[in-house]
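Any read-out appearing in this document is the output of simple, stated calculations on the displayed coordinates, not a laboratory observation. All figures in this text were calculated on a predicted structure; none of them were measured in a lab. FYI the Cβ positions are ideal-geometry reconstructions off the backbone, even for glycines, and counts take in every protein chain you see.
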Amino acid sequence: MNHYTHSPLGQEVRAAAGHYVIEAEKRFPFQGREVLVATGYVTVDSSCCGTGGCGFALIPGYVVGWKTLKDEKGEPVSQVEPIRDEKEREAIRKSVQEAEKVLQVNFL
């Protein structure tokens, strides 16, 4: 089991070539379980190679405990079970892309 620290929603996080924002988190139903899905967008606006961006989803895993803990900063932490099976990942990826209209789906 892993721990996932929830980021404040709508907060811009700067990186070398731009920034990203987590806009929403949800418990996405899948085959009788719930998958933790965080969606947002990335903007490349300070790269030497040009600009761009896309919507994305991060998937830490199946929800085992929703916001049951807090980290040292007081941010909520959920307990998740990583999704390792490639067939499950592909089915979840397709479902999330269709439902959330994002280009990238990344499993943590």
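Summary of values
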quantity: Radius, Kirkwood style, for segment 1-63 when every pair of distinct Cα atoms is counted (Å); calculated: 13.0
quantity: Dipole of segment 2-107, positive end: most advanced residue of 48, 80, 31 [Cβ charges, Cα centre]; calculated: 31
quantity: Loop-resident sites, segment 36-74, for trypsin sites (Lys or Arg not before Pro), counting at most 13 other Cβ within 10 Å (DSSP); calculated: 73
quantity: Rounded tilt (10° steps) of 86-100 against the dominant C-alpha axis of the chain; calculated: 60
quantity: Extension reserve of the residue 68-residue 15 stretch, reckoned as 0.36 nm per residue once the Cα distance is removed; calculated: 16.1 nm
quantity: Built amide H within the under 5 Å cut-off of residue 107, gap 5+; calculated: 59
quantity: Cβ-placed point charges (K, R +1; D, E -1), dipole of segment 18-104 about Cα centre in debye, nearest 20; calculated: 180
quantity: Kirkwood hydrodynamic radius of segment 57-108, Cα pairs, Å; calculated: 12.2
quantity: Where labels lie 7 Å past Cα in the beta-carbon direction, separation of residue 30 and residue 99 in nm; calculated: 0.9
quantity: P(r) histogram, all alpha-carbon pairs of the chain included - 5 Å bins from 0, percent; calculated: 3, 12, 21, 22, 19, 13, 8, 3, 1, 0
quantity: In order through segment 20-34: 3J(HN,Hα) via Karplus (6.51 cos²θ - 1.76 cosθ + 1.60), integer Hz, x for Gly, Pro; calculated: 9, 9, 8, 9, 8, 10, 8, 9, 8, x, 8, 6, x, 10, 10
